[in-house]
Amino acid sequence: MRIPLIAGNWKMFKTKAEAVAFAEEFKSLYGGTDVQAAICAPYTNLEALVEIFRGTGIGVGAQNVHFEDEGAFTGEISVKMLEEIGVDFCIVGHSERRQYFAETDETVNLKIRKLLTGPIRPIMCVGESLEQRDSGVLFDFVKSQLEGGLSGIAPEDMKKIVVAYEPIWAIGTGRNASPEQAEEMCAFIRQTLIDMYDEETADEVIIQYGGSVKPANATEIMNQDEIDGALVGGASLKAPDFMQIIDF
Ligand code: PGA
């Protein structure tokens, strides 16, 4: 049984004061649900969110991490630093990091491997550009991201990884993939995991859809068989909107 995971991705939004105000409001709205809810926030907000959400079942995630244990990597944060704060998830390989911060399948793989040495669950993002979709290479491209990012990862570890399918053309554009398009790719991702691993392993992996998910489209997206959750950017910034999505 896969428990759906609906995670907010705040990107570079919210000061600590704003994060605390959100968390208090969200906590008061949150009555517990059948889905796992989480907020992936800027580093500066993580400790406060872990504290406020303690005992509620609401998870907290980071949006990036470095793959080395420690060292002269100015501006970076290690897995151990995140573990000490007590975060539950860490997004890896978001398309914005691939585009603006030179993230590659190789660094995604290194980061996932390092996260898997501890309790933090990686949320690995994959997804094609509009050009790739229009030229028909979308499936080959997503397959290559999966094979590169998951290279050398054992089946038992694979079950801890969340895969987020986020078509780049749907992120922050207001133009979500249709439920059929999202389902088609999420089913392809599951089939690729069956090919790379086995049916039992693939069956346990949470596959999210992300890209302009909002209260108005959450139900039809979440009702797809192969979609086990959502990664929500803009609509996770307001507590009532995010709550509506979780209550889809
Ligand atoms: P969006 O972002 O919901 O604002 O489209 C999704 C994401 O980038 O994770």
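Taking amide H as placed 1.01 Å from N in the peptide plane, the amide H of residue 128 sits under 5 Å from that of 168, each at least 5 places away or on another chain. As a test question: what accessible area, to the nearest 10 Å², does residue 165 have when a 1.4 Å probe is rolled over all protein chains in place? Roughly 0 Å² of residue 165 is accessible to a 1.4 Å probe. In plain terms, the C-alpha convex hull of the stretch 76-186 casts an average shadow of 7.6 nm² when viewed from every direction.
Of the residues 114, 238, 143, ranked by 1.4 Å probe accessible area with the largest first, the sequence reads 238, 143, 114. The loop-placed GluC sites (Glu not before Pro) in the stretch 1-106, going by DSSP, that have at most 14 neighbouring Cβ atoms within 10 Å of their Cβ come out as 68, 70, 76. The dipole here belongs to the stretch 118-248: it is taken about the Cα centre, uses +1 on the Cβ of Lys and Arg and -1 on the Cβ of Asp and Glu, and is about 660 debye. Looking at the stretch 5-62, the trypsin sites (Lys or Arg not before Pro) that sit in a DSSP loop and have at most 12 other Cβ atoms within 10 Å of their own Cβ are 54.
Using a probe radius of 1.4 Å on heavy atoms only, what accessible surface per residue do you get for the chain? Whole Å² is fine. Mind dumping the intermediate values first?
Numbers: 11090 Å² over 248 residues.
Per-residue value: 45 Å².
Given in Å, the Rg to one decimal and the Dmax to the nearest whole number for the Cα atoms of the stretch 62-140 are 14.1, 45.
Suppose every K and R has +1 on its Cβ and every D and E has -1 on its Cβ; what is the size of the dipole of the chain about the Cα centre, in Debye to the nearest 20? Intermediate results must be reported in sequence, preceding the final value.
Values: 21 positive and 40 negative charges, 166 e Å.
For the chain, the charge dipole is close to 800 debye.
For the chain, the fraction of 1.4 Å probe accessible surface lying on carbon and sulfur atoms is 51 percent. From the largest down, the chain spans 45, 45, 34 angstrom on the principal axes of its Cα atoms. Using C-alpha pairs below 8 Å separated by at least 6 residues, the relative contact order for the stretch 54-178 is 23 percent.
Relative contact order of the chain, taken over Cα pairs closer than 8 Å and 6 or more residues apart, is 21 percent. Between amide H atoms placed 1.01 Å from N, distances below 5 Å from residue 230 occur with 5, 6, 7, 209, all of them 5 or more places distant or on a separate chain.
The values are calculated or read from the model by the stated rules, or taken from the named source; none is laboratory data. Remember, predicted model here, so these are calculated numbers, not experimental data. Note that each Cβ is placed from the backbone with ideal geometry, even for glycine, and that neighbours are counted across all protein chains shown. The protein model used for the area step is the full one, side chains on, heavy atoms only, and it has no ligands, DNA or RNA in it. Shrake-Rupley method; radii C 1.70, N 1.55, O 1.52, S 1.80 Å.
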